[in-house]
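Laboratory data are not the source of any read-out in this text; all were calculated from the coordinates shown. Because the structure is predicted, anything quoted here is derived from the model rather than measured. Backbone-built Cβ (ideal geometry, glycine too); neighbour counts: all protein chains shown.
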Amino acid sequence: MNEHRRQGIGMTSQRTRERMVQRLGDLGIRDLRVMEAMLQVPRHLFVEEAFAQRAYEDAALPIAYNQTISQPYIVARMTELLLAALPERATVLEIGTGSGYQTCVLARLTAQVYSIERIAPLLERARQRLAALRVGNVRLKCADGGFGWSQHAPFDGIIVTAAAPELPMALVGQLAEGGVIVLPEGGRRQQLKVYRRQGDELLEASLEPVSFVPLLPGVER
């Protein structure tokens with residue numbers, strides 16, 4: 001990867017990242033670990049080159065295959081909610097690798113990230129970006145995310161980056177005791193929700209309206 005592109009210039013510079021992180025604080029993000037990860041991960045490398053100059057705006061951007069990279073606030077918010085419930089050296093499952101940006105942020109904050117993407121070309125691009133940034137604690141798989149990744153369960157946390165009409169029960173079965181699932185849930189009207197497993201109970205909290213692409217079944221090669 002070109003070193004100038006990695007570091008960024010102008011609207012993709014470190015100073016621009018610092019302004020983004022300051023804006024996240026103004027919007028209510030409080031976890032300093034999340035803020036530092038967002039500062040360090042070069043978001044402009046995870047968007048299409050045509051949108052690189054907009055990479056640090058607080059906006060979702062198209063990435064390909066009718067998918068998007070979530071706005072920085074939502075990435076930070078979901079990460080903060082997840083991180084608040086995780087033990088040290090946590091193992092996390094991500095459903096919807098997309099560009100790999102959320103994956104890269106999680107990799108800085110957890111021991112191991114397992115990430116699933118149903119669109120094979122998107123997954124390959126994410127793999128290349130993560131390799132170029134020398135992110136070593138991520139495993140990727142092309143599969144239907146609704147079924148999770150049972151071989152590596154239980155997970156301390158699960159984050160879903162596409163909207164499911166309802167909570168996929170396969171994911172609940174792969175959640176460790178005390179673990180949390182953070183996901184957007186719903187159809188045209190979506191809510192950001194957190195589910196926490198306590199024994200045989202699943203505690204639910206509904207937080208705020210969000211807008212995500214839908215969680216679709218199957219695999220696209």
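Peptide packing for 170-182, 141-153, 208-220 was compared via the average number of neighbouring C-beta atoms within 10 Å per residue; ordered from the highest value, the list is 170-182, 141-153, 208-220.
If you restrict to DSSP beta bridges whose two residues both lie in region 3-210, what percentage is antiparallel, to the nearest 5? So the antiparallel bridges in region 3-210 amount to around 50 percent.
Only helical runs count toward this figure. For the chain, summing -39,500 (n - 2.57) over DSSP H runs of n ≥ 4 and dividing by all residues gives -8000 deg cm²/dmol at 222 nm. Taking all Cα-Cα distances within region 119-164, those exceeding 13 Å account for 66%.
What FRET efficiency would be calculated for the residue pair residue 221, residue 26, taking the C-beta separation as r and a Förster radius of 45 Å, to the nearest 0.05?
The computed FRET efficiency comes out at 0.60.
For region 3-210, the Cβ-based charge dipole about the Cα centre amounts to some 660 debye (Lys, Arg positive; Asp, Glu negative; other atoms uncharged). Provide the gained length on full extension for the span residue 111 to residue 19, in nm with one decimal, where the gain is 0.36 nm per separating residue minus the Cα-Cα distance. Gain on stretching residue 111 to residue 19: 30.3 nm.
Applying 1/(1 + (r/R0)^6) with r as the Cβ-Cβ distance of residue 166 and residue 66 and R0 = 25 angstrom yields a FRET efficiency of 0.65. Averaged over residues, the count of other Cβ atoms within 10 Å places the peptides 123-130, 28-35 in the sequence 123-130, 28-35, highest first.
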